[in-house]
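Worksheet for the structure shown next.
The values are calculated or read from the model by the stated rules, or taken from the named source; none is laboratory data. Since the structure is predicted, the reported quantities are computational estimates derived from the model, not experimental observations. Note: ideal-geometry Cβ built from the backbone for every residue, glycine included; neighbour counts use all protein chains shown.
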Amino acid sequence: MKKTIKQKKARGIEQVKSAYGYKFIALWLIGQVLFFIGPILDSLQYSFSNVEMTSGKVETMFCGLEHYREIFNANPLYADNLRDAVGNMCTSLPIIMSLSLVMALILNQKFRGRLAFRGIFFLPVIIASGVIMYVLQSEYVSVPLFNMASGTKYEYGGMIDFNEILRELELPTQILKLFSQYLSNVFGLIWSCGVQIILFLSGLQSIPEQLYEVSKIEGATKWEEFWYLTIPMLKDVILLVLVYTMITLFTAVDNPVIAQTYSTMRDSQIYDQSSAMLWAYFVLVGIIMGIVLLAYNHFCLKKWGGES
Amino acid sequence: MRKKIERGIVSLFRYVFLISFSYVLLYPLLYLIVHAVQDPIDYLDPTVQWVSKNLTLDNLKLGIEVLDFWDSLKETLLVQIVSALIQVVSCGIAAYGMARFEFKGKKLVTGLLMLNILVPSTMIIIPSYLNFRNVDFLGILNLIGNATGKELTINLLNTPYVFYLPAIFGVGLQSGLVIYIFQQFFKSFPKELEEAAYLDGLNPFGTFFRIVVPSSSVVIITTTILSIIWHWNEYYLPSMYLSKDYPLAVKIYDVFNVFFAAGYNKYDAATINACMAVCLLFLLPPLLMYLFLQKKFIKSITQSGIVG
């Protein structure tokens, strides 16, 4: 008899606590329904219907997959933009990941002027909003660094003409093209490393100092230490940075697909087709992220004995 | 001796690496500063690169006048910064609920949060735009309106509520990320403190506001700074929702066209110098905030346990 009462009471506390959980997130849940799930479902509906706007009211007529067929068959730019977006991700992702890891490793060391350099390297978080970048990249100003390898707009290309150096190397044109593409993006790539450096840095600082001492006593070289201690300890952070970088690359405003949908939406005011564009893109992004995450889980976590 | 040389080489490489990257990161800032205070004559002078011969503040005056700088600044502060602060509060509450309490459907909530971070705002912007244009509480107003033959729905476009409302419900700009950062912090917060508070008779809300909030200044600083910076720089949503009283970021984004609309030649040296001057002025507040809080910010960001 006594036991059942106790059990009941215990359950009661749990229930009270879970009720408080709901209370804490109640506002957020309402907001999700009103401002997030609702609009998403609306946009899904638009992509399958003909949308007409009459004096601010929306009329939708179901038309099946018509818009999806249209964007792939009739729209000359969309497929190209999709390819560019994915290609851009494939080339930028490894560079951003490794670059920010290297910078975080360096910034984590002890040396003179560390704080000043850390300050400079966090600058992108403050001003890489795109607003100022956009202004500086517009056709009216000639900022040499931005046009380093394109070399088409202005005759002088920064301090060193990288295109000239590349041409001197006499590499095959395909590789040359890739290199000069990287070079012209170098600026943007370095600028998009801000948050990633912070994430890596906080990950590095959470590795206990003792582990490094042990590895030193065991006689591990710096190289072994990096691959068998630092990287496995960073596996969660790497996953986080991977996901974050992919999201920012895929949803950036200067992403070709996003830019195209934005212009169809805002300038031409075609809402149904642009919704279809976005949903097709979103499905593709989901598939790619799924593949990358599965690959990461399969190859890397297994090797480092990860349990997540 | 050999070790000394080795160490010297390593630190040489480190500084070369750091300084070259810092150059890239500081470049646009230096460019803005140089051109902001430069006499337009010098802009056309090919012998002037970094050190101007004639300095002037006229650029700044012209820029402020053409852009209506102070009015826009007021808009930005009243609308964007206020919603940034609201967002921190609402997201903090929601994040605490998610991090501390067990309730049914928690996995669903976590999935929803991930979707929040993942879905680009382009996807929901058109439905949200239409929603804000005809605000209707679950279709009730529309029903009454149809019955009485009057237009009862409310148009919220061009009002600050377009930004306040999502912020209050924790679905504003980058809210997903803010909640995520909060959540990671609260998860690592020692439970014993809260349990002691429960024993002393505080309910969870009291515990949250009296015990948890005062001891989480680290994460609050981080999220507040990030939220303010994101809102300060946001031009995408305001340019959709507003057709007048733009915040600063929207005007800066389109700065050359603003000058063009005011009757200035976009390619004129005077225009370009004035544009650079207002860009610099736009960057100044976040930059100053950053400089003053740099030590705290870096420390808090690396300690706040963004990486769980």
Helices (runs of 4 or more DSSP H) enclosed by the stretch B:38-128 - at least 2 residues per element that are without any contact (Cβ under 8 Å) to a residue 12 or more places away in the chain and within 13 Å of chain A (Cβ to nearest Cβ):
B:82-100, B:106-118
Filter the stretch B:166-183 for residues that are at the interface with another protein chain (Cβ under 10 Å from one of its Cβ atoms) and of a type outside the set (Ser, Thr, Tyr) and give the result.
B:Pro166, B:Ala167, B:Ile168, B:Phe169, B:Gly170, B:Val171, B:Gly172, B:Gly176, B:Leu177, B:Ile179
Could you tell me whether any residue of the stretch A:213-234 is under 18 Å from A:Asn297 (Cα atoms), within 13 Å of chain B (Cβ to nearest Cβ) and touching a helix residue (DSSP H, G or I) at 6+ places or on another chain (Cβ under 6 Å)?
yes
Of the numbered conditions (1) over 20 Å from B:Gln87 (Cβ atoms); (2) at pLDDT 85 or above, B:His231 satisfies every one except a single condition; which is it?
(1)
Might you check whether a residue that is outside any helix (DSSP H, G or I), surrounded by fewer than 18 Cβ atoms within 10 Å (Cβ to Cβ) and within 7 Å of chain B (Cβ to nearest Cβ) occurs anywhere in the stretch A:114-134?
no
Take the residues in the stretch B:25-36 that are facing chain A (nearest Cβ under 9 Å) and buried (at least 16 other Cβ atoms within 10 Å of the Cβ); name whichever of them is farthest from A:Ile106 (Cα to Cα).
B:His35
Filtered residue count, the stretch A:188-206, keeping only those that are more than 30 Å from A:Val131 (Cβ to Cβ) and modelled with pLDDT under 85
2
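This table checks each residue for (1) modelled with pLDDT of 80 or more; (2) out of contact with any helix residue (DSSP H, G or I) (no Cβ under 8 Å at 6 or more places or on another chain); (3) within 30 Å of A:Phe282 (Cα to Cα).
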site	(1), (2), (3)
A:Val86	yes, no, yes
A:Pro94	yes, yes, yes
A:Met97	yes, no, yes
A:Ala104	yes, no, no
A:Arg112	yes, yes, no
A:Ala128	no, no, yes
A:Val131	no, no, yes
Name the single residue that is farthest from A:Val285 (Cα to Cα) among those in the stretch A:217-272 being in contact with a strand residue (DSSP E or B) (Cβ under 9 Å, 6 or more places away or on another chain) and surrounded by 13 or more Cβ atoms within 10 Å (Cβ to Cβ).
A:Ile270
Restricting attention to the stretch A:34-47, report how many residues are out of contact with any Phe, Trp or Tyr (no Cβ under 6 Å at 6 or more places or on another chain) and under 16 Å from A:Val283 (Cα atoms).
5
Pairs, please: C-beta under 6 Å, at least 6 apart or cross-chain, first residue more than 17 Å from B:Gly97 (Cβ to Cβ) and in the stretch B:187-204, second hydrophobic (A, V, I, L, M, F, W, C)?
B:Leu193/B:Ile211
